[in-house]
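Below is one structure, written out as structure tokens; the observations come after it.
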Amino acid sequence: MKTNSTMSKITNKIFKERRNRLLNMVSDGIFILPGMHSTKRNNDVDYEFRQNSSFWYFSGFEEPDAVMILDSKSKNQYTMFVNPYDPDMAIWVGARSGIKGIEKNFCADKGTSIEKLKEKLFEITEQHECIYYAFGDDPIIDPLITEILIERRMSSERRNKNPIQIKDPNPLINEMRLIKTKEEINLIQTAVDITEKGFLKAMEATQDGKNEFEIQAILEYEFRINGAKRNGYPSIVASGKNTCTLHYIENDSILKNSELLLIDAGAEFNYYTADITRTWPINGVFTKAQRAIYEIVLEAQKKSIEIIKPGIPISSVHQKALEIIIQGLIDLKILKDTKKNVIENKEYIKYFMHGTSHWLGLDVHDVGNYNQNNKSTLLKPGMTFTVEPGIYFGENIKNISTKYKNIGIRIEDNILVTNSGHKILSNNIPKEIVDIEKILK
Ligand SMILES: [Mn+2]
């Protein structure tokens, strides 16, 4: 698939607008936003680097160890501390942007070497009474902020300086990230479209005797050749009893004839991710028991999507899915009590133990509150999230007919709240039984 990269890119102009919006949300204060560090994998090998999402949201900068300072009072509103250019590094691992690069290519008002962070941080915070910093975010910055706090506390007592307070910037940032702009929606849609291609190829390639990781390779190959350089999270490619392990990522079992295959995966495109789940029979035809469970999950998923529109609480989506799943399990005599009692005693929880929805964006479990003032968050246009009910009969389930054993079924789509209702971004990925069986033939 050809993707129009200029249309769907977050430009420097947009990054700047985001920084300005954040600064305009506070009357006084300085934001200290650390980027990600590299993480060791083994010996001298690091894990693939991926920038912190909020840091990227305001900068587009992809190198490790950087720290962003946003300061509305200073003539340098946007200062970035970065690893300096290093000719040796350039030869071995690639050129860093360095101080010049961060100013020229990422529009920082001022670039500074990360080695000067400590001394500069004292200077920069001097004029302020409030620091926005999320304690616990960064093991190097945490103690520096503590030092500043202690120094200011002492000097305000002895030398008439103003004391300083620390505030968490995340509520402000998360509120911004929760509502997606049209550029962001385009990127999520592209990630979903790429993911769709992967799912279709994975379905076509499904065959007993193959290893889960072979199917994973086909799925992710499709992601790569369609423009997604990485996944939003490790793909879950689970067959047989593995379908009942919610975050199964070993992906190394052999596909068996009468079992199910569950794939939960998402391509990441320009930092925005999809998050899709489909479940299908390995031999191409659902057994009667698999079909019975699948139909319940599908109905729960479709009916809970139908109600999505601005103004309804996000919790009502889960509530709707839960009611349908409970009724379905009662009809199959798997649950043997009244709906009311099942809900009260949470008897459903061993079959459906996770939530139905989470926000989706730069992070697969994107930031944003699910509750505000002790009430479930009301949906607004521009919010994107998943709807993913499931039913699982894993090893923990005793006293169940053997025909249901090891069945795990989840169906997940990505939804955008629009002005008038909603849009299913992943509507083209087959989930009706007849469509799935047709592809697998
Ligand atoms: Mn999900």
The one condition in (1) farther than 19 Å from residue 400 by Cβ; (2) part of a helix (DSSP H, G or I) that residue 348 fails to fulfil: (1)
Enumeration of residues in segment 163-192 that are over 23 Å from residue 267 (Cα atoms), part of a loop (DSSP other than H, G, I, E, B) and touching a strand residue (DSSP E or B) at 6+ places or on another chain (Cβ under 7 Å): 164, 169
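Residue by residue, here is whether (1) in the same structural domain as residue 405 (by TED's automatic domain parsing); (2) within 16 Å of the ligand (Cβ to nearest atom); (3) part of a strand (DSSP E or B) holds:
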{"site": "280", "(1), (2), (3)": "yes, no, yes"}
{"site": "284", "(1), (2), (3)": "yes, no, no"}
{"site": "295", "(1), (2), (3)": "yes, no, no"}
{"site": "300", "(1), (2), (3)": "yes, yes, no"}
{"site": "303", "(1), (2), (3)": "yes, no, no"}
Pick from segment 382-401, criterion surrounded by 17 or more Cβ atoms within 10 Å (Cβ to Cβ) and away from the ligand (no atom under 14 Å from the Cβ), ranking: nearest to the chain's Cα centre (by Cα): 383
Residue within segment 408-419 that is away from the ligand (no atom under 16 Å from the Cβ) and within 23 Å of the chain's Cα centre (by Cα) present: yes
Any hit, segment 320-334, residues being within 16 Å of the ligand (Cβ to nearest atom) and either in a loop (DSSP other than H, G, I, E, B) or more than 30 Å from residue 183 (Cβ to Cβ) (or both): yes
Some residue of segment 353-372 being in contact (Cβ under 8 Å) with a residue 24 or more places away in the chain and assigned to a strand (DSSP E or B): yes
Conditions (1) within 14 Å of the ligand (Cβ to nearest atom); (2) under 14 Å from the mean Cα position of the chain (by Cα); number of the one not met by residue 354: (2)
From the options 112, 125, residue that is modelled with pLDDT of 95 or more and not small (Gly, Ala, Ser): 112
Number of positions in segment 118-149 that are among the aromatic types (Phe, Trp, Tyr) and either part of a helix (DSSP H, G or I) or over 24 Å from residue 172 (Cα atoms) (or both): 1
Residues being under 16 Å from the mean Cα position of the chain (by Cα) and either farther than 30 Å from residue 269 by Cα or more than 10 Å from the ligand (Cβ to nearest atom) (or both) - total across segment 360-381: 8
Matching residues, segment 259-278, being under 23 Å from residue 415 (Cα atoms) and away from the ligand (no atom under 16 Å from the Cβ): 269, 270, 271
Within segment 14-117, helices (runs of 4 or more DSSP H) holding 1 or more residues that are out of contact with any helix residue (DSSP H, G or I) (no Cβ under 6 Å at 6 or more places or on another chain) and more than 27 Å from residue 233 (Cα to Cα): 87-92, 98-106
Hits in segment 116-133 - residues which are surrounded by fewer than 19 Cβ atoms within 10 Å (Cβ to Cβ) and in contact (Cβ under 8 Å) with a residue 60 or more places away in the chain: 129, 130
Residue 404, sole failed condition from (1) within 16 Å of the ligand (Cβ to nearest atom); (2) surrounded by fewer than 21 Cβ atoms within 10 Å (Cβ to Cβ); (3) over 27 Å from residue 170 (Cα atoms); (4) among the aromatic types (Phe, Trp, Tyr): (1)
Enumeration of residues in segment 360-384 that are farther than 16 Å from residue 53 by Cβ and hydrophobic (A, V, I, L, M, F, W, C): 378, 379, 383
Which listed residue is assigned to a loop (DSSP other than H, G, I, E, B), of a type in the set (Lys, Arg) and in the same structural domain as residue 323 (by TED's automatic domain parsing), from 340, 380: 380
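The values are calculated or read from the model by the stated rules, or taken from the named source; none is laboratory data. All values reported here derive from a predicted model rather than from experimental measurement. Cβ coordinates were reconstructed from backbone atoms using ideal geometry, including for glycine residues, and neighbour counts include every protein chain displayed.
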